[in-house]
Amino acid sequence: MVERPAFEDLYREFLGRIYAYVRSQVGTSADAEDITAQVFMNAYQAYGRFEARHTTPAAWLFRIARNATLDHFRASGRRERLRRTIQHQPVVEEDPAGQAEERIQYQALMARVAELPERQRDAISLRHSGLSFDEVGKLIGCSEDAAKMLYHRALKALKEAVQREGV
């Protein structure tokens, strides 16, 4: 029998990753904070039913996060996801000009990611949140191989957009 970790341990381990995933999906950090809090409240309430032998803690928490994010958009009456303006930027050491250039490139890349079909965006976001392809597939309702294909198609589309637009 697989032991499930203490909820406090899951919270500490996954808070940053869940917040980063939610933040990449919504328009503001305030919304991301609210949704992340809701994710962990929902997880805490459902923790008695969580069985580690059926899924990984990461996949379980990211499913809750994905559903909470979708609920947020449904409640807001939005039919498609917001075009994101990501605030967390890569940092360049002590080089303001380099940091500005990196931020511009990062924002341009995130604009391209926002234009991808929803399932490809999900594959990119979830995979870069540290989930395996198997976990990504389970979360978006497809096989591991299909999740890999979605991810690689998204990367190919991004590469083509970058080459075409010189981002």
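Side notes on the structure shown:
- In segment 118-138, the residues that are in contact (Cβ under 8 Å) with a residue 40 or more places away in the chain form Cβ pairs under 9 Å with partners that are among the basic types (Lys, Arg) and not in a helix (DSSP H, G or I), at six or more places apart or across chains, as follows: 121/81.
- With respect to being among the hydroxyl-bearing types (Ser, Thr, Tyr), modelled with pLDDT under 75 and under 26 Å from residue 121 (Cα atoms), residue 85 fits the description.
- Any hit, segment 7-27, residues being surrounded by fewer than 14 Cβ atoms within 10 Å (Cβ to Cβ) and not in a helix (DSSP H, G or I): no
- When restricted to residues that are buried (at least 19 other Cβ atoms within 10 Å of the Cβ), among the small types (Gly, Ala, Ser) and not in a helix (DSSP H, G or I), segment 121-167 contains 1.
- Across segment 1-46, the number of residues qualifying as among the hydroxyl-bearing types (Ser, Thr, Tyr), modelled with pLDDT of 90 or more and farther than 14 Å from residue 66 by Cα comes to 2.
- The criterion of being more than 21 Å from residue 17 (Cα to Cα), at pLDDT 90 or above and touching a helix residue (DSSP H, G or I) at 6+ places or on another chain (Cβ under 7 Å) holds for residue 153.
The values are calculated or read from the model by the stated rules, or taken from the named source; none is laboratory data. Quick caveat, the model's predicted, so the values are computed rather than measured. Glycine also receives a Cβ, built like all others from the backbone with ideal geometry; neighbour counts cover every protein chain displayed.
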